[in-house]
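Data first, discussion second: the structure below is written as structure tokens.
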Amino acid sequence: MSRIGKKAILIPKEVSVIFENKEFTIKGKYGTLTRILSDNVDAIVTSEKIVLTRINDEKKSRESHGLNRALIQNMVNGVNEKFAKTLIAEGVGYRFQLEKNILSLNVGFSHPVQFEIPEDLNIKMESNTRIQLSGIDCEKVGFFAAKIRDMKPPEPYKGKGILYDGEKILRKAGKTGK
């Protein structure tokens, strides 16, 4: 039995859950999310909790049991309290700029790199080297943060690049001259 899959998902009072035809619709104070449940998993929804069960004991069912439970838990958490990731630009001249729905990165290239911000994500500039991404969908927040970080991942010698808040960079020793 999946350790994660067998745990019940507790539903907060501010969140409403509708489960019809293998489709979850979860509404909360920040918005609404929908997801179709895998064919190998079934759900029992009460007013206080959601319990996911496997239909059979095949490998595919065991694989998707814990995954579907985690995805639905993230939906419940996202509509109740938003997910957030903080990115830091570390390096001389590295900075973020926000203009309407376009995020510009100056990260050592000859030109600024621009990203169009998805409508369901919010970006807050804490300083010109620090931004916070937030939204109700954990997957979209993480994916957009990873796309930004992928432009200039931190390098191990000087530690320059775009990194997550709290991330530790394993530093390497440089060349030794004679």
(request) Find the residue count for the stretch 95-129, including only residues that are in a strand (DSSP E or B) and either open to solvent by less than 70 Å² (accessible area, probe 1.4 Å) or not charged (D, E, K, R) (or both). (result) 16
(message) Anything in the stretch 133-147 that is in contact with a Leu (Cβ under 8 Å, 6 or more places away or on another chain) and open to solvent by less than 60 Å² (accessible area, probe 1.4 Å)? List them, or say none.
(response) LEU133, SER134, GLY135, ILE136, ASP137, VAL141, PHE144, ALA145
(message) Restricting to the stretch 16-36, count the residues that are among the basic types (Lys, Arg) and open to solvent by 100 Å² or more (accessible area, probe 1.4 Å).
(response) 1
(message) Take the residues in the stretch 148-178 that are in contact with a strand residue (DSSP E or B) (Cβ under 7 Å, 6 or more places away or on another chain) and under 30 Å from THR34 (Cα atoms); name whichever of them is least open to solvent (accessible area, probe 1.4 Å).
(response) ILE148
(request) State which residue pairs qualify: first residue within 16 Å of ILE26 (Cβ to Cβ) and inside the stretch 40-61, second residue among the small types (Gly, Ala, Ser) and exposed (fewer than 12 other Cβ atoms within 10 Å of the Cβ) in any location, beta carbons under 7 Å apart, and separation of 6 or more residues or different chains. (result) none
(message) Tally up the residues in the stretch 57-73 that are in a helix (DSSP H, G or I) and surrounded by fewer than 20 Cβ atoms within 10 Å (Cβ to Cβ), please.
(response) 10
(message) Being open to solvent by 30 Å² or more (accessible area, probe 1.4 Å) and either part of a loop (DSSP other than H, G, I, E, B) or of a type in the set (A, V, I, L, M, F, W, C) (or both) is true for just one of LYS13, LYS85. Which residue is that?
(response) LYS13
(request) For residues that are in a loop (DSSP other than H, G, I, E, B) and of a type in the set (A, V, I, L, M), tally how many sit in the stretch 18-51. (result) 1
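Conditions (1) within 19 Å of LYS85 (Cα to Cα); (2) modelled with pLDDT of 95 or more; (3) out of contact with any Cys (no Cβ under 6 Å at 6 or more places or on another chain); (4) part of a strand (DSSP E or B), marked per residue:
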| position | (1), (2), (3), (4) |
| --- | --- |
| ALA145 | yes, yes, yes, no |
| PRO156 | no, no, yes, no |
| LYS168 | yes, no, yes, no |
| LYS172 | no, no, yes, no |
| THR176 | no, no, yes, no |
(request) Being closer than 30 Å to LEU105 by Cα and either hydrophobic (A, V, I, L, M, F, W, C) or surrounded by fewer than 17 Cβ atoms within 10 Å (Cβ to Cβ) (or both) narrows it down to one of VAL92, VAL41, VAL45, VAL51, so name that one. (result) VAL92
(request) Give the residue, chosen from ARG95, ARG54, that is at pLDDT 90 or above, under 30 Å from TYR157 (Cα atoms), in contact with a Ser or Thr (Cβ under 7 Å, 6 or more places away or on another chain) and among the charged types (D, E, K, R). (result) ARG95
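The values are calculated or read from the model by the stated rules, or taken from the named source; none is laboratory data. Nothing here was measured: the structure is a model prediction, and the numbers come from that model. When we count neighbours, we look across all protein chains shown, and the Cβ atoms used for this are built from the backbone with ideal geometry, even at glycine. Just the protein is used for accessible areas: all its heavy atoms, side chains included, with ligands, DNA and RNA removed. Shrake-Rupley method; radii C 1.70, N 1.55, O 1.52, S 1.80 Å.
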